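Encoded as C-alpha cells, the structure appears first; notes follow it.
The values are calculated or read from the model by the stated rules, or taken from the named source; none is laboratory data. Just so we're clear, the structure is a prediction, and the values are computed from it rather than from any experiment. Neighbour counts are summed over all protein chains in view; Cβ atoms, including those assigned to glycine, are modelled from backbone coordinates with ideal geometry.
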Amino acid sequence: MAEKKISKKALSKSFRNWFYGNLTCFSQEHMQTFGYLCAMLPIVEELYDTKEEQKDAMETYTAFFNTEPQIGTIVVGMTAGLEEAKANGENIDGEMINGIRAGLMGPLAGIGDSLIVGTLIPILLGIGLGLSTGGSPLGAIFYIIVWNLLMVFGMRWVYYKGYDLGGKAVEMIVGDKANAIRESVIMLGTIVIGAVAATWINITTSFQMFNSKGGVILKLQNTLNGVYPKLLSALFVVFAWWLMSKKKISPTIVMLIFLVIAFVGVLIGFFNPGLSY
Amino acid sequence: MEISWIQAILFGLFACLASMPGLGGTTFGNYTLGRPLVGGLIVGIILGDIRTGIIVGAAIQVVYIALVTPGGTVSADVRAITYIGIPLSIAAIKGLGIDAGSAQAAQIATALGAAVGTLGTVLFYGTATINLAWQHIGWKAVEKGDFHKLYLVDMGLPWISHIICSFIPALIITKMGASMVDTMKVALPMNGIAMKTLFTVGSLLPAVGVAILLKQVVLKVTDFITFFFGFTLAAAMGVNLIGAAIIGGFFAIINYKIKMLQLNKTAAAGNNNDEEDI
C-alpha cells in the first residue's frame with residue numbers, strides 16, 4: 001500500500017475552514033468543537049476511503065475544544081499531521097490525539113490571550129489611535145491591513161509548522177527562546193499602553209479653594225500638573241487595576257464603582273465637565 | 001439626526017459579522033470589524049461623516065483596547081459597542097450640538113459605548129444559547145455520518161442566531177435611538193447632575209480599559225515601572241504613540257538580547273558539565 005499523504009488542496013481547505021469557522025458556531029457547551037470538526041473534515045475524507053473509517057476518525061474530534069483560536073491553529077496543523085501518520089498505520093490512536101489536544105489547549109489559550117489579544121492587538125490599536133488623532137481614517141486603515149496580513153500569514157505559517165513538525169512544533173511556542181521573545185514583546189506592549197493611557201485618558205478636577213473675598217487660592221489641577229502631568233489619570237488606572245487584580249472585582253462592577261465616584265465627585269464639585277448648550 | 005432604514009440595516013449586517021462569535025470569523029469579524037476604531041470608520045462611512053465616526057470609535061476603543069474573553073466569559077459585547085454604541089453616540093453628539101473634536105464628544109461616546117456594551121452581553125449569551133440548537137443538529141449529523149452537514153451547522157445556521165441577536169437589535173435600536181436624543185435633550189438638561197455624571201464617567205472609563213490590560217501584564221508592582229515609562233514618555237515628554245512604539249521596540253530588543261545571552265550562558269555551562277562527566 002502506498003503511503004498516504006494529505007494533498008495541498010485538502011490542507012489549505014482545512015486551514016481555511018479553521019481560519020473562518022473556528023468560532024462561528026460558538027456555544028458555552030462546545031466552543032470551538034464544530035470549527036475543529038469542519039477543519040478536520042477535508043483531511044479525514046481524503047485519508048480514509050470507507051464511511052466507517054471516516055466516522056471513526058471524526059469521532060476523535062467530537063471532544064470539547066477551546067483555546068485562543070489564532071495561536072491554536074498550530075494544534076489543528078499538528079492533528080492533521082498526526083491523523084496522516086495514523087492513517088499510515090503508525091502507532092497513534094484517537095485517544096492519543098485527544099490527549100495532545102486537551103494538553104495543549106489550556107497553555108495555548110494563556111499564551112494567545114496574553115500575547116495576541118493582550119499585547120499585539122493593543123500595540124497595533126495604540127499605533128492606530130495615534131494615526132487617527134483628530135478623526136483621520138488612517139489609523140483604522142493601518143490596523144485593518146497590518147492585523148489581517150499578520151494573522152493570515154502567521155496562522156498559515158503555524159498551521160504548516162504544526163503539520164510538518166508535529167509535537168516538536170510546541171517547542172516553538174513554549175521553548176526558552178519563545179519565552180524570551182514573548183517577554184520582550186509584552187514589554188513593548190506595556191510601554192505602548194502607558195503612552196496610550198497618557199494620551200487618551202484625560203481625568204481632570206475642577207476643585208478650587210477660595211479665600212474669604214472669593215478669590216481663588218488653590219486650583220488643584222494646576223498643583224497636580226506640577227507634581228506629575230496627568231497624575232489623576234495615572235491614579236485612576238492604578239486604582240482600577242488594584243480593584244480588579246487585588247480585590248478580584250469584575251470590570252463591570254468597577255465601571256459601576258466609577259459611576260458612583262463620578263456622581264459623588266460631581267456633587268461635591270470635584271468633577272465638572274463644563275457643559276453647556 | 002435621522003438614521004435611515006438602509007443605514008440601520010447596514011449596522012445590523014455588520015453587527016452579525018463583527019460579534020464574538022461572529023460570522024466574519026474570529027480574525028476578520030471579531031478582531032477587525034468588531035474593534036471600535038475600525039467600526040468608527042465603517043459607521044462613519046455609512047452615516048457620511050468619517051471624522052466624527054473615527055473620533056467616537058477611537059474614544060470607545062481606549063476602554064476596550066484589550067477585550068479578552070477567557071473561556072467565553074464576556075464582560076462587554078463588541079457588536080453592541082461598535083454597531084449600536086457608535087451610531088447612537090454620533091447621533092447624540094450631533095443631536096446635542098457638541099463639537100466632534102471636543103473632550104465632551106469623547107466623554108459621551110465612552111459613557112454610551114460602555115453602557116451599551118455592558119447591556120449588550122445579553123446578546124452574546126443569546127447567540128451562544130441559540131447556537132446550542134444548531135450544534136444539536138450537528139451531533140445528529142455526525143452520528144449518521146452525514147458529515148457535510150457540519151458546514152451548514154458551523155457556518156450557515158448561526159446566521160439565524162445572528163438575525164435574532166445581532167441584526168434585529170442593531171436595526172431597531174439604531175433606527176429608534178437616534179430620535180430618542182431629542183427626548184433626552186429635554187428631559188436631561190446639560191447642566192444637571194445626570195448629564196454631568198454621564199460625561200464625568202465617560203472621562204473615567206478609559207482608565208478601566210487600560211487597567212483590564214494591565215491586569216494581565218502587571219503581575220508584581222515593579223512591572224508598573226514599564227507602564228509608567230511609557231506613560232511618562234507621552235505625558236511628560238510629549239512623545240506620540242508611534243514614537244513610543246519605536247522606543248518600546250528598542251527596549252524590547254535589548255531585553256531579548258539580554259535574555260538570549262543568559263540562555264546561551266546556561267546552555268554553555270550545561271555543556272561544560274557534560275564534558276566533565278566524560
### Summary
In the stretch A:3-57, anything loosely packed, with under 15 Cβ neighbours inside 10 Å, of a type in the set (Asp, Glu) and facing chain B (nearest Cβ under 8 Å) is listed as A:Glu29
### Query
In this structure, is A:Phe210 more than 24 Å from the chain's Cα centre (by Cα), over 27 Å from B:Met237 (Cβ atoms) and either at pLDDT 90 or above or assigned by TED's automatic domain parsing to the domain that holds A:Val238 (or both)?
yes
#### Entry: Residue check, A:Ile145 more than 7 Å from every other protein chain (Cβ to nearest Cβ) and modelled with pLDDT under 95
no
### Task
Go over the candidates B:Val122, B:Val153 one by one and state the one that is among the aliphatic types (A, V, I, L, M), within 13 Å of another protein chain (Cβ to nearest Cβ) and within 19 Å of B:Thr82 (Cβ to Cβ).
B:Val122
### Close pairs (6 angstrom Cβ cut-off, 6 or more residues apart or separate chains): closer than 14 Å to B:Leu67 by Cβ in the stretch A:237-254, not in a helix (DSSP H, G or I) anywhere
A:Pro251/B:Ser75; A:Thr252/B:Ser75
### Summary
Those residues of the stretch A:89-106 which are part of a helix (DSSP H, G or I) and either at pLDDT below 85 or more than 13 Å from chain B (Cβ to nearest Cβ) (or both) amount to A:Gly94, A:Glu95, A:Met96, A:Ile97, A:Asn98, A:Gly99, A:Ile100, A:Arg101, A:Ala102, A:Gly103, A:Leu104
### Query
Under the condition of being surrounded by fewer than 18 Cβ atoms within 10 Å (Cβ to Cβ) and either at pLDDT below 90 or facing chain A (nearest Cβ under 8 Å) (or both), which residue from the stretch B:126-139 is nearest to the chain's Cα centre (by Cα)?
B:Thr129
### Query
If we keep just the residues of the stretch A:148-171 that are aromatic (Phe, Trp, Tyr) and either surrounded by fewer than 20 Cβ atoms within 10 Å (Cβ to Cβ) or not in a helix (DSSP H, G or I) (or both), which is farthest from the other protein chains (Cβ to nearest Cβ)?
A:Tyr160
#### Entry: Single residue of A:Gly189, A:Gly118, A:Gly128 found to be in contact with a Ser or Thr (Cβ under 7 Å, 6 or more places away or on another chain), buried (at least 22 other Cβ atoms within 10 Å of the Cβ), at the interface with another protein chain (Cβ under 10 Å from one of its Cβ atoms) and under 26 Å from B:Phe250 (Cβ atoms)
A:Gly189
### Task
Using the structure shown, decide if B:Ser75 is under 25 Å from A:Ala109 (Cα atoms), surrounded by fewer than 24 Cβ atoms within 10 Å (Cβ to Cβ) and either at the interface with chain A (Cβ under 8 Å from one of its Cβ atoms) or touching a residue at least 24 places away in the same chain (Cβ under 8 Å) (or both).
yes
### Pick from the stretch B:198-216, criterion more than 7 Å from every other protein chain (Cβ to nearest Cβ) and not aliphatic (A, V, I, L, M), ranking: farthest from the chain's Cα centre (by Cα)
B:Gly202
#### Entry: Unique match (being farther than 24 Å from A:Thr119 by Cα and in contact (Cβ under 8 Å) with a residue 12 or more places away in the chain) among B:Ala105, B:Ala114, B:Ala58
B:Ala105
### Task
For the stretch A:167-223, name all the residues that are within 30 Å of A:Gly135 (Cβ to Cβ) and among the small types (Gly, Ala, Ser).
A:Gly189, A:Gly194, A:Ala195, A:Ala197, A:Ala198, A:Ser206
### Task
Out of the residues in the stretch B:204-247 that are of a type in the set (Ser, Thr, Tyr) and at pLDDT 90 or above, state the one that is farthest from A:Arg182 (Cα to Cα).
B:Thr232
### Task
State all residues of the stretch A:68-88 that are of a type in the set (S, T, N, Q), part of a loop (DSSP other than H, G, I, E, B) and modelled with pLDDT of 90 or more; if no residue qualifies, say none.
A:Gln70
### Query
Any residue in the stretch A:218-229 that is over 30 Å from B:Leu96 (Cβ atoms), touching a Phe, Trp or Tyr at 6+ places or on another chain (Cβ under 9 Å) and more than 9 Å from every other protein chain (Cβ to nearest Cβ)?
yes
### Message
If I filter the stretch A:10-53 down to residues being among the hydroxyl-bearing types (Ser, Thr, Tyr) and outside any helix (DSSP H, G or I), which single residue comes out as farthest from A:Thr73 (Cα to Cα)?
### Response
A:Thr50
### Selection from the stretch A:197-214 of residues that are more than 8 Å from every other protein chain (Cβ to nearest Cβ) and either assigned to a loop (DSSP other than H, G, I, E, B) or crowded, with 17+ Cβ neighbours inside 10 Å (or both)
A:Thr205, A:Ser206, A:Phe207, A:Asn211, A:Ser212, A:Lys213, A:Gly214
### Message
Against the conditions (1) assigned to a helix (DSSP H, G or I); (2) facing chain A (nearest Cβ under 9 Å); (3) modelled with pLDDT of 90 or more, where does B:Leu261 fall short? Just the number, please.
### Response
(2)
### Members of the stretch B:203-217 found to be under 15 Å from A:Lys247 (Cα atoms) and free of Cβ contacts under 8 Å to residues at least 12 places away in the same chain, listed by number
B:Ala211, B:Lys215
### Task
Looking only at the stretch B:18-51, count how many residues are over 13 Å from the mean Cα position of the chain (by Cα), more than 7 Å from chain A (Cβ to nearest Cβ) and within 19 Å of B:Ile3 (Cβ to Cβ).
8
